[in-house]
1. Could you tell me which of the residues A:298, A:341, A:323 is surrounded by fewer than 18 Cβ atoms within 10 Å (Cβ to Cβ) and either within 24 Å of the chain's Cα centre (by Cα) or of a type in the set (Lys, Arg) (or both)?
2. Among the residues in segment A:272-290, are any over 23 Å from residue A:207 (Cβ atoms) and surrounded by fewer than 24 Cβ atoms within 10 Å (Cβ to Cβ)?
3. Please specify each residue of segment A:8-63 satisfying the condition of being closer than 25 Å to residue B:193 by Cβ and of a type in the set (Gly, Ala, Ser).
4. Would you check if residue B:116 is within 16 Å of ligand 2 (Cβ to nearest atom), within 14 Å of chain A (Cβ to nearest Cβ) and among the small types (Gly, Ala, Ser)?
5. Could you grab the pairs with beta carbons closer than 7 Å, sequence gap of 6+ or different chains, first residue in segment B:109-125 and small (Gly, Ala, Ser), second one open to solvent by 10 Å² or more (accessible area, probe 1.4 Å)?
6. Which residues, taken from segment B:129-142, are open to solvent by 10 Å² or more (accessible area, probe 1.4 Å) and aliphatic (A, V, I, L, M)?
7. Looking at segment A:351-366 only, could you name the residues that are touching a residue at least 24 places away in the same chain (Cβ under 8 Å) and open to solvent by 40 Å² or more (accessible area, probe 1.4 Å)?
8. Applying the selection to segment B:1-23, what residues are in a strand (DSSP E or B) and within 16 Å of ligand 2 (Cβ to nearest atom)?
Amino acid sequence: MTAKAQVSVSEEGETARVRLAGPWTVAAAADLDGQLKKLRLKSKRATLDLSGIDAIDTAGAWLIRQAAKTLVEGGVSVAFAGADRQASALLETVGAVDQDSNPPRKEPPSFEEMLARLGFHTAFAIREARNFLGFFGLTIETFAATALRPVRFRFTSFVFHLEAVGLNALPIVGLISFLIGVVMAYQGASQLRFFGAEIFVVDLVAISVLREIGILLTAIVVAGRSGSAFTAQIGTMKLREEVDAMRTLGLDPVEVLVLPRIAALVVALPILCFFSDILGLLGGMLMAWVNLDISPQAFITRVQDRIPIRHFWVGMTKAPVFAAMIGLVGCYQGLRVKGDAGSVGRLTTRSVVQSIFLVIVADAIFSIFFNLINI
Amino acid sequence: MTETVISVRGLRTKLGGKEIHKDLDLDVRKGEILGIVGGSGTGKSVLMRTILGLIKPREGSIEVLGRKVDPLDRKTMLELERCWGVLFQDGALFSSLTVCENVEVPMREHLDLPSALASDLALLKIKLAGLKAEDGRKIPSELSGGMRKRAALARALALDPDIVFLDEPTAGLDPVGAAQFDELLQNLSKNLGFTVFLITHDLDTLYAVTDRIAVLADKKVLVTAPIAELERHPHPWIHEYFHGPRGRAAHDSAMLVARS
Ligand SMILES: Nc1ncnc2c1ncn2[C@@H]1O[C@H](COP(=O)(O)OP(=O)(O)O)[C@@H](O)[C@H]1O
Ligand SMILES: [Mg+2]
């Protein structure tokens with residue numbers, strides 16, 4: 001088997017003798033393919049002599065078939081000689097699967113195809129928006145039905161998810177909020193110092209944390225850690241046909257899977273938001289104390305005297321709305337999973353991106369709204 | 001004497017604190033189709049994965065094609081991977097690649113083929129495995145269960161292996177599809193001359209294609225023998241296996257086929 005596989009030609013008169021020798025296996029296929037491509041015959045008849053072949057597999061047999069076919073297409077009549085039992089069996093097996101029906105190779109996309117793709121994606125986005133709206137309606141309907149018959153509410157599941165999305169998120173939400181409070185106080189102080197208005201750091205930190213930063217940070221963290229988890233959990237169940245099994249058992253997936261999750265988020269997010277507000281203020285207070293010598297006492301007094309409570313309520317009002325959006329997107333994308341495991345990953349990413357996007361859009365709308373009614 | 005291509009001696013495997021195999025011996029001869037049977041959870045898949053070097057045994061030795069299987073010896077493992085093809089229980093096709101690309105993976109990994117030649121050879125394997133050329137463009141999630149098994153077989157055959165490992169290839173196929181798969185397997189192994197390590201629960205497959213059958217029970221290989229001998233074996237599980245209602249039905253239909 002150490003001998004090199006090769007093709008040699010001897011032409012005498014009308015008939016060319018093509019001797020194939022050595023191991024005709026897939027390992028030598030690249031080399032042999034090159035040799036056969038260079039094969040040019042002057043004669044009109046050729047005999048392929050296979051007696052020198054000491055090992056052959058399907059790749060080798062296919063190459064021989066292919067060479068014979070090329071010769072025949074060039075007007076040469078081809079005969080085989082010296083094939084042993086294994087070689088002829090392989091040639092037959094390979095010849096049996098018809099070679100002519102190979103589909104053409106893929107062409108690069110044309111302009112029309114690109115246009116069609118653009119149209120497809122546009123239609124897809126519209127359909128997606130409609131489906132999401134439909135899912136929203138379905139959830140509301142199920143919610144109303146459950147509100148009328150509260151025994152149907154999955155309380156155990158609700159508590160489980162409350163722990164997962166609420167309690168377990170406290171450390172990360174708290175830490176991030178605290179650090180952002182520190183950063184804001186520090187940056188604010190370095191700017192306000194120019195005007196001798198250091199004390200306004202308190203207003204800066206308190207208003208921005210209570211109104212915007214606290215709830216936004218919390219919502220983004222929750223979208224990243226719980227919205228994605230919802231999609232992955234429900235998606236995996238969908239893949240394993242657990243959701244279908246549920247339906248056949250008379251269980252409503254929206255009632256069993258979606259409602260407890262969304263309810264847990266709607267309850268947990270305001271609490272997390274409150275926690276985030278407190279930690280953010282603590283961070284700001286610490287920095288103001290260290291950096292500006294504003295004592296915690298003074299900080300708290302100023303917050304109480306100068307910062308109207310409505311800023312806090314503005315932030316808190318947004319919490320349940322954001323929670324519902326994150327939960328809806330997470331569950332909706334989870335239920336859309338189908339096909340393979342890759343789709344779980346894809347839709348989880350989409351769920352996070354979409355919910356963060358929606359949260360920020362909604363936050364902008366809230367800003368305009370609160371501005372209009374002068375809060 | 002016929003050559004032995006796989007030889008397992010004194011194998012002991014433990015997984016998750018549970019002993020799966022103990023003092024397990026097994027020989028697979030060159031060119032044969034060896035069926036592996038055993039109740040669910042007796043460690044058939046684990047045995048296959050151990051031979052493939054995916055699980056490290058606690059004790060014992062495994063030799064494949066005269067080389068010692070040692071997961072830590074990358075060089076030997078690379079040579080061996082070149083010589084075997086594997087069909088895992090659920091196909092294990094790469095879900096993000098088309099069927100064609102799946103079959104090309106081992107070729108690209110082990111050989112330096114021009115890409116046009118690789119895709120031509122992949123198409124050949126796909127058609128040998130009984131799929132249509134158009135199916136090569138599809139991704140695994142667009143295939144039915146039977147087609148996925150065939151695609152996985154095409155990938156297992158990509159390098160014209162000496163040994164093909166099949167883990168329950170006909171499980172989940174309809175009887176017609178399963179029978180076609182049996183026929184395909186028999187034809188290919190006869191024409192391409194490879195050895196087959198075939199885990200199966202399908203009694204019809206056992207009757208149709210196997211040369212010998214190894215029975216896995218009590219953590220070891222109880223017997224390795226042709227099916228006719230196993231039918232007379234006294235061990236209760238083996239007796240029940242071949243003489244239960246399904247065993248008898250498969251036996252009868254095999255006899256019918258043999259006579260006609
Ligand atoms: N990775 C693993 N960790 C722990 N236990 C395992 C693992 N893989 C398999 N097992 C156990 O090994 C036993 C044999 O499994 P397997 O070989 O898959 O059975 P089968 O014969 O049905 O193919 C089972 O009891 C299974 O629970
Ligand atoms: Mg198994």
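1. Values: A:298 fails: either within 24 Å of the chain's Cα centre (by Cα) or of a type in the set (Lys, Arg) (or both); A:323 fails: surrounded by fewer than 18 Cβ atoms within 10 Å (Cβ to Cβ).
Just a single option satisfies the conditions, and that option is A:341.
2. From segment A:272-290, those over 23 Å from residue A:207 (Cβ atoms) are none; that's our starting set.
Scanning segment A:272-290, I find no residue that is over 23 Å from residue A:207 (Cβ atoms) and surrounded by fewer than 24 Cβ atoms within 10 Å (Cβ to Cβ), so the answer is no.
3. Selection gives A:21, A:22, A:27, A:28, A:29, A:30, A:51, A:52, A:55, A:59, A:60, A:61.
4. Details: within 16 Å of ligand 2 (Cβ to nearest atom): no; within 14 Å of chain A (Cβ to nearest Cβ): yes; among the small types (Gly, Ala, Ser): yes.
Spelling it out, it is not the case that residue B:116 is within 16 Å of ligand 2 (Cβ to nearest atom), within 14 Å of chain A (Cβ to nearest Cβ) and among the small types (Gly, Ala, Ser).
5. Filtered contacts from segment B:109-125: B:118/B:104; B:118/B:108; B:119/B:100; B:119/B:104; B:122/B:100; B:122/B:104.
6. The answer is B:131, B:139.
7. Looking only at segment A:351-366, we keep the residues that are touching a residue at least 24 places away in the same chain (Cβ under 8 Å), and these are A:351-352, A:354-356, A:358-360, A:362-363, A:366.
Selection gives A:354, A:356, A:358, A:360.
8. Here is the first cut: in segment B:1-23, the ones in a strand (DSSP E or B) are B:4-15, B:18-23.
If the condition is that a residue be in a strand (DSSP E or B) and within 16 Å of ligand 2 (Cβ to nearest atom), then B:13, B:15, B:18, B:20, B:21 are the ones that fit.
The values are calculated or read from the model by the stated rules, or taken from the named source; none is laboratory data. The model shown is predicted, which means the values in this text are computed figures rather than measured ones. Every residue, glycine as well, gets a Cβ built from its backbone with ideal geometry; the counts of neighbours run over all protein chains shown. All accessible areas refer to the heavy atoms of the entire protein, side chains included, with ligands and DNA or RNA removed. Shrake-Rupley method; radii C 1.70, N 1.55, O 1.52, S 1.80 Å.
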